[in-house]
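Asker: Structure in structure tokens, see below.
The values are calculated or read from the model by the stated rules, or taken from the named source; none is laboratory data. For clarity, every value in this text was computed on a predicted model and none was experimentally measured. Glycine gets a Cβ as well: all are built from the backbone with ideal geometry, and neighbour counts include every protein chain shown. Quick note on the areas: whole protein, heavy atoms, side chains included, nothing else; ligands and nucleic acids left out. Shrake-Rupley method; radii C 1.70, N 1.55, O 1.52, S 1.80 Å.
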Amino acid sequence: MASSVGTLKKRAATNLQVNGSPKVRRNTKGGGKSKCSKRGSKSSGIDMNYQQVTAVGKNSPLDIVHPSYMHLHPPANEEEIDEDEEEQTFAHFVEYGKRNPNATGTGRWKLAKKRNKILILVVEPGGGEQSMFTTSELKQYIEAFFQLDADCAELGMGTIDIGNKRINLNSPSRSSHMSSHPLRLLDLNSKAKKSKKSKLAYALDVFSLFDALVQLVVEPYISCLALINYKLAEEWDSSITEVLGRACGDRICCVSLPCHDSKREIFWTSTHELLHTIGFDHCTSFRCIMNAFNSLEKATLFLSPPNLRKLKNFHNIPDFDNGAFLIKHYKELLYVVRDFDALSTENREFERDCIWLESKINALKQIFPE
């Protein structure tokens, strides 16, 4: 399977729309990514390098860092990270939560009583790729992972109900919106030498899609995941690149279904992009679902210690909650993933995920007996 950065690789930076132009979100404050070999303290029996210690932050609780399960959170491989990208530490995430989203990426959206659900939107349903999964399955997985309720809707021509708002896709207001932000097609062969036998290959411009979908991120939704039955691409510095998924600063992310080969891959990309919409940047210190580059067949579906701590902070869960939030997070994921694995009897694509979850849950239960 080809993607924007080569065979079986995944690139999914968060982007902000600023005056109609996409801006790559980079962390501009903090010390940035360190590659030094300085070691963290071993007094607690935990062996982490300096970058990992910095990413997790001070006074980390036992459900975030503990010697009994750190083998389940190995360092990221070099091929999984962008060397030019800074690590978003837990301290950064907390600090960004004090500010609204902005062009420098030093602010983020926050959970609120009026915005506490996720919208899963299938754009032009009926593509063959959707036969790999059902929206109900993805809904279950997203709800377990994010510990938030989710709704599903289909976007075609006609009237649909989104949250507390009814949108007529044929209405003059919608036509006006689309005329000011028309969808664009990008020629994937624009740089190739054309011949009479050249196969036409086009993709939707993902940023024009963001402009068209922004009206759908209404209360009670904090984020919108759009599943697209077309190829997606972006134009950046006069080059056109096909992408598997992309997120923007307007709480919208898109995933191209034709570019994925399995249910697990679709769930990986969907979760990765949704995490971007709530303020998570790429992880460089540990193996994590938020690594910038991944072989989708081998990628982990789970969060690294610093990102687990961010998820708790996003939900306003105190650091020291006796592991209750993360144990619930993992238990619900295991319940859902185990069903998926039982259904995929031929290739057992979720088998290793079930084993990982069982190991992590058992380790946490040893620390926090019920």
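Asker: Using the charge dipole of the stretch 201-250 (Lys, Arg: +1 at Cβ; Asp, Glu: -1 at Cβ; taken about the Cα centre), state which of F210, G245, L227 has its Cα farthest towards the positive end.
Answerer: Among F210, G245, L227, the one farthest towards the positive end of the dipole of the stretch 201-250 is L227.
Asker: Return, ordered by residue number, the residues of the stretch 253-275 whose backbone nitrogen is under 16 Å from a label point located 7 Å along Cα→Cβ of N316.
Answerer: none
Asker: Could you give the nm distance between label points at N100 and T134, where each point is 7 Å from its Cα heading toward the beta carbon?
Answerer: 4.2 nm
Asker: Here's another thing I want to ask about it. Whole number in Å², please: accessible area per residue of the stretch 286-364, 1.4 Å probe, ligands, DNA and RNA not counted.
Answerer: Accessible surface, normalised per residue, equals 40 Å².
Asker: Next up: 5 Å is the cut-off here: which amide hydrogens, built 1.01 Å from N in the peptide plane, fall below it relative to V65, excluding neighbours closer than 5 in sequence?
Answerer: Hits under the 5 Å cutoff: none.
Asker: Let me know the charge dipole size of the stretch 275-370 about its Cα centre in debye, to the nearest 20, where only the beta-carbon of Lys, Arg (+1) and Asp, Glu (-1) is charged.
Answerer: Values: 12 positive and 13 negative charges, 64 e Å.
Here the stretch 275-370 has a charge dipole of around 300 debye.
Asker: Same structure again: Compute the accessible area per residue over the stretch 195-280, keeping the other protein chains in place, probe 1.4 Å, unit Å².
Answerer: For the stretch 195-280, the solvent-accessible area averages 29 Å² per residue.
Asker: Same structure again: I'd like the FRET efficiency for E297 and A112, computed as 1/(1 + (r/R0)^6) with the beta carbon distance as r and R0 of 35 Å, rounded to 0.05.
Answerer: Plugging the Cβ-Cβ distance into 1/(1 + (r/R0)^6) gives 0.40.
Asker: Turning to a different aspect of this structure: Please report the antiparallel percentage of the DSSP beta bridges confined to the stretch 215-349, to the nearest 5.
Answerer: 65 percent
Asker: Which whole-Hz couplings ³J(HN,Hα) result when phi for each residue of the stretch 111-124 is put into the Karplus expression 6.51 cos²θ - 1.76 cosθ + 1.60, θ = phi - 60°, listed in order with x for Gly and Pro?
Answerer: Coupling constants for the stretch 111-124: 5, 9, 4, 8, 9, 9, 10, 10, 9, 9, 10, 9, 8, 6 Hz.
Asker: Any idea what the dipole of the stretch 195-304 comes to, in debye rounded to 20, about its Cα centre with Lys/Arg Cβ at +1 and Asp/Glu Cβ at -1?
Answerer: 520 debye
Asker: About its Cα centre, how strong a charge dipole does the stretch 78-119 have in debye, to the nearest 20, once Lys and Arg get +1 and Asp and Glu get -1 at the Cβ?
Answerer: Dipole about the Cα centre, nearest 20: 1160 debye.
Asker: Output ³J(HN,Hα) for the stretch 320-329: one whole-Hz value per residue in order, computed from phi by the Karplus curve 6.51 cos²θ - 1.76 cosθ + 1.60 with θ = phi - 60°, and x for Gly and Pro.
Answerer: 9, 10, 6, x, 4, 5, 6, 4, 5, 4
Asker: How much FRET efficiency would the formula 1/(1 + (r/R0)^6) give for S239 and E124, where r is the Cβ-Cβ distance and R0 is 41 Å, rounded to 0.05?
Answerer: 0.95
Asker: Testing the spin-label approximation: label points 7 Å from Cα along Cα→Cβ at L185 and E78. State their distance in nm.
Answerer: A separation of 4.3 nm, rounded to one decimal place.
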